[in-house]
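These notes are about the structure you will find just below.
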Amino acid sequence: MIIDRYIMREIIKPTVIICIVLVGIFGCYIAARFWEDAVHGLLTGTTVFQLVLLRIIIASEVLLPTTFYLSVVIALGRLHQNGEITAMFTGGIHIARITLAVFSLSLLVAAIVAVLSLYIRPWAWTQFFLLKTQTEAQFELTRMQSGNFYEISGGDRVIFADEVAPRESQAKGVFILNRKDTSLQIIYAARAVQHNDEKTNAPVISFNHGRLYEFSASGRKGVIIEFENATMPLRPDNPILPDHKVKAAATSTLVPARNLEETAELEWRIITPMSTILLALLAIPLSRSSPRQGRRAGTLLAIVIFAVYYNLSAITKKLVSQGVIDVLPGIFWGQLLLLACLVLLVWRPPFIRHWHRQ
């Protein structure tokens, strides 16, 4: 039991450190993406913090297995380099004992990842989309900067103004592009004012002296309308965009899956805890190294294997959702790749043994 706790402790320490570093890097990257909107007055500091926090929660289902996998490689690699693993073998401790300690810890991490993937991640996506929608619904025309383009509603609406007059609560030379399922709509008005609708209290923009251009996606003749006054609602009809619904869907609503996109999403949520265990077991043979090799050889190979696995999983998820490949094995091709690597590294055919000797 002492040996088991020691091995687990040596793995947990780098897991915590690496996880904090990766979360910090990812958080800074995401914050930079939202910071431009905050600078232009479209997002408040509190909203940016909430959006970044939600994206970190969403990414945790990938960050945690990755961190744990690399930590097993690093921790056991250090024990190999220091001769502690050799001392354990000399003392009668079998490799199965070390494997059991890693496997037991991987079950705990996999359980956390399963909760993240099946329940917390969909909830976080829902909150993320709702928060962005609420922010867009609170969009104020007078907070715009003259000469800048602003995207709202997930990029389906673009707003531009030649001149913004905050004191008069109006903008001049306003251009708005609306992308719809079957048409593209462009509005240009000499003047625009934002206010709340008297009946619904929803935010709207009133235009004066402008033109509306509408072009059909089917190629039919476009329409041009001149108007003196017109009103357009700012709030989207659906708070969660159709392309994002599957990400935010509760796992219970994906069983049974109604289409290929839901099938791909369900398979993705299932493989994340499975891959946590497989990656941890794969890290054990990858951590083996001789004093001449150093720890970098195993770590670099571990990073390459993970990069190939993760990209293969992402690609197969896309292909399953598009119906290019069958549902089974579907995304599980990545798991089969991990199993194949595990068998090769444990069995150690001649070319693998030759690589280790080098």
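The values are calculated or read from the model by the stated rules, or taken from the named source; none is laboratory data. Predicted model only: the values in this text are computed from it and were never measured. Cβ atoms come from the backbone with ideal geometry, glycine included; neighbour counts cover every protein chain shown.
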Any residue in region 266-277 that is among the aromatic types (F, W, Y) sitting within a Cβ distance under 7 Å of a residue that is surrounded by fewer than 22 Cβ atoms within 10 Å (Cβ to Cβ)? List the pairs, counting only those 6 or more apart or interchain.
W268/K317
Just wondering, is there one or more residues in region 104-115 that are in the same structural domain as S287 (by TED's automatic domain parsing) and over 30 Å from T253 (Cβ atoms)?
yes
The listed residue being surrounded by fewer than 16 Cβ atoms within 10 Å (Cβ to Cβ), of a type in the set (A, V, I, L, M, F, W, C), over 15 Å from E61 (Cβ atoms) and touching a Phe, Trp or Tyr at 6+ places or on another chain (Cβ under 6 Å), out of F89, F149, F103
F149
Pick out the one residue from T126, T182 that is in the same structural domain as A248 (by TED's automatic domain parsing) and more than 19 Å from D37 (Cβ to Cβ).
T126
Being at pLDDT below 85, under 30 Å from L177 (Cβ atoms) and of a type in the set (A, V, I, L, M, F, W, C): is that true of A137 here?
yes
Checked against (1) in a loop (DSSP other than H, G, I, E, B); (2) at pLDDT below 80, P256 satisfies every condition except (2)
Could you tell me whether region 281-291 includes any residue that is more than 20 Å from A110 (Cβ to Cβ), exposed (fewer than 15 other Cβ atoms within 10 Å of the Cβ) and modelled with pLDDT under 90?
yes
